[in-house]
Amino acid sequence: MSNNGLETLRGALLGRVLLPADDGYDAARRIWNVMIDKRPAAIARCTGVADVVAALRFARENDLAVAVHGGGHNVAGSALCEGGLLIDLSAMRAVHVDSVGLSARAQGGATWGDYDRETQVFGLASTGGAISTTGIGGLTLGGGFGWLSRSYGLACDELISAQVVTADGRVVTASADENPDLFWGLRGGGGNFGIVTSFEYRLHEVGELLAGLLLFPRAETKQVFEAWADVTASAPDELGSMAALLDTPDGDPVAGIYSVFNGPHEEGEKVLAPLRRCGTVLLDEIGAKPYCVVQQAFDAAQPPGRRNYWKSHYLAEVGGGLIEALVDRAAKVPSPTFLIAIEHLFGGAVARIGAEETAYGQRDVEHNLMISSAWDDPGGDEANVQWAREAFAATMPFSTGAVYVNYLNAQEADRIGEAYGPEHTRRLVELKKRWDPDNAFHHNQNIAPSMAAGG
């Protein structure tokens, strides 16, 4: 950018504009997955909607690529661009709770930790992610499942309205009554249609949850996972859970089950009892826990600053050789900070919403497989990426053929169609043509205006 251009941008913003030589630039461009390392020409640290509008208009007028940083907790690293303008919402984190109307409005840079802290003052919550540092924006726009999704639906299902800065610099509201087509696309279609500066969610009464981790010897994985699959097959909506292969901090290979029951604890104890009997219990820390504690349970296992690579797909079944394939791949992992998880956070309220009601359409799935490799040394890139890809290939026979868009990595643009399916992809492409015909918002899991209707 020219000096004149820079001064124009700085004069238009109340927030700070950072250049590569400025103090704070490297910290501002650092995201959760440090495998993604890009250098924007400038970072606009926005303080409010007016800053977002001014920054976006400046980028469009100067033909600069645009990336949007909310929470930045995304394996694909979509919050960064090379040489363009990074519109940073991370200072826009206010949350306002209407405890009478059971709704909350949060700015686009808020994390789930910010949101939960405010809503829990009133004993209320909405479906959010499982890591408190995750941004509300990215999770919600991609669908957003969490411990409460079987009780209340996905994060995008909790959305009442959104304030959006569109590609042409307008500020509009998207809801069931205003711009309903845009509202449909925001609920699962990612950041393809605008910059969401605030989200309004419905709230539910949520107090202490019955939650915690069970650990078993890795050698007992088959019987433990099969018992878990039996429990989840008939689980009430109040139960959200995952079964995982991992190593303990001491390096011991184990199988784990993490469960969250959003209902009367005596009922939850009955539901979870078979899991406590299904193997040799090495650790049982299930008990009554505040909601915010549950939401932060995995924070330490997913810290910022590591190199991360994920592969994922929805599962058609938990059986038929899948468990053996997972155990085999876990034995060959190059990094101890890996996780192979089967997530049962679907069904229930998620399945009772029509597939055509939101851009997120995978309403009939029950389980999702997430293969996560994390490591610190850049010299481990090849081995860890290859391991994850091989584990993914080994589990393909058990896949539905679809994928959760928020789990796609930076090299998986060819799987966008798998996330949405042909009909939803066609509808999303038409929506993109209407709201962002020049594809200004393409630093995401991109729905391009030129994309084939079948994905």
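Points worth noting:
- Looking across the range 201-227, the residues that are open to solvent by 40 Å² or more (accessible area, probe 1.4 Å), over 22 Å from Phe298 (Cβ atoms) and in contact with a Leu (Cβ under 8 Å, 6 or more places away or on another chain) come down to Arg202, Glu205.
- Which numbered condition Ile195 misses (of (1) buried (at least 24 other Cβ atoms within 10 Å of the Cβ); (2) of a type in the set (Val, Ile, Thr); (3) farther than 19 Å from Val52 by Cα): (3)
- Of all residues in the range 428-437 being part of a helix (DSSP H, G or I) and surrounded by 20 or more Cβ atoms within 10 Å (Cβ to Cβ), the one that is nearest to the chain's Cα centre (by Cα): Leu428
- The set of residues from the range 61-78 being of a type in the set (A, V, I, L, M) and more than 13 Å from the chain's Cα centre (by Cα) comprises Leu64, Ala65, Val66, Ala67, Val68.
- The criterion of at least 3 residues that are buried (at least 22 other Cβ atoms within 10 Å of the Cβ) is met, among strands (runs of 3 or more DSSP E) falling completely within the range 248-360, by 253-261, 307-315, 339-344.
- Number of residues in the range 225-237 that are aliphatic (A, V, I, L, M) and either in a loop (DSSP other than H, G, I, E, B) or in contact with a helix residue (DSSP H, G or I) (Cβ under 8 Å, 6 or more places away or on another chain) (or both) equals 3.
- The set of residues from the range 160-178 being among the charged types (D, E, K, R) and in contact with a strand residue (DSSP E or B) (Cβ under 8 Å, 6 or more places away or on another chain) comprises just one member, Glu178.
- Scanning the range 388-411 for residues that are closer than 22 Å to Gly319 by Cα and in contact (Cβ under 8 Å) with a residue 24 or more places away in the chain yields a count of 16.
- Per-region count, the range 438-455, residues over 16 Å from Leu141 (Cβ atoms) and open to solvent by 70 Å² or more (accessible area, probe 1.4 Å): 2
- Those residues of the range 362-410 which are among the charged types (D, E, K, R), part of a loop (DSSP other than H, G, I, E, B) and in contact with a helix residue (DSSP H, G or I) (Cβ under 9 Å, 6 or more places away or on another chain), in sequence order: Glu366
- Filter result for Asp22 (over 28 Å from Pro378 (Cβ atoms), without any contact (Cβ under 8 Å) to a residue 24 or more places away in the chain and either open to solvent by 70 Å² or more (accessible area, probe 1.4 Å) or over 26 Å from the mean Cα position of the chain (by Cα) (or both)): no
- All of Asn74, Asn33 fail the test of being touching a Phe, Trp or Tyr at 6+ places or on another chain (Cβ under 9 Å), at pLDDT below 95, among the polar types (S, T, N, Q) and buried (at least 24 other Cβ atoms within 10 Å of the Cβ), apart from Asn74.
- Residue selected from the range 367-398 under the condition of a type outside the set (A, V, I, L, M, F, W, C) and touching a Ser or Thr at 6+ places or on another chain (Cβ under 7 Å), by the criterion surrounded by the most Cβ atoms within 10 Å (Cβ to Cβ): Ser373
- When the range 229-247 is filtered for residues that are over 22 Å from Ser151 (Cβ atoms) and surrounded by 21 or more Cβ atoms within 10 Å (Cβ to Cβ), the ones remaining, listed by number, are Leu245, Leu246.
- Entry remark, the range 58-71: residues being in contact with a Phe, Trp or Tyr (Cβ under 7 Å, 6 or more places away or on another chain) and modelled with pLDDT under 95 number 0 in total.
- Residues being under 13 Å from Leu203 (Cα atoms) and open to solvent by 40 Å² or more (accessible area, probe 1.4 Å) - total across the range 98-115: 6
- Residues satisfying the stated conditions in the range 196-254, i.e. closer than 20 Å to His265 by Cα and polar (S, T, N, Q): Thr232, Ser234, Ser241
The values are calculated or read from the model by the stated rules, or taken from the named source; none is laboratory data. The structure displayed is predicted, hence computed values, not measured ones. Ideal geometry is used to build each Cβ from the backbone, glycine not excepted, and the neighbour counts take in all protein chains shown. Surface areas here come from the heavy atoms of the whole protein model, side chains and all, with no ligands, DNA or RNA. Shrake-Rupley method; radii C 1.70, N 1.55, O 1.52, S 1.80 Å.
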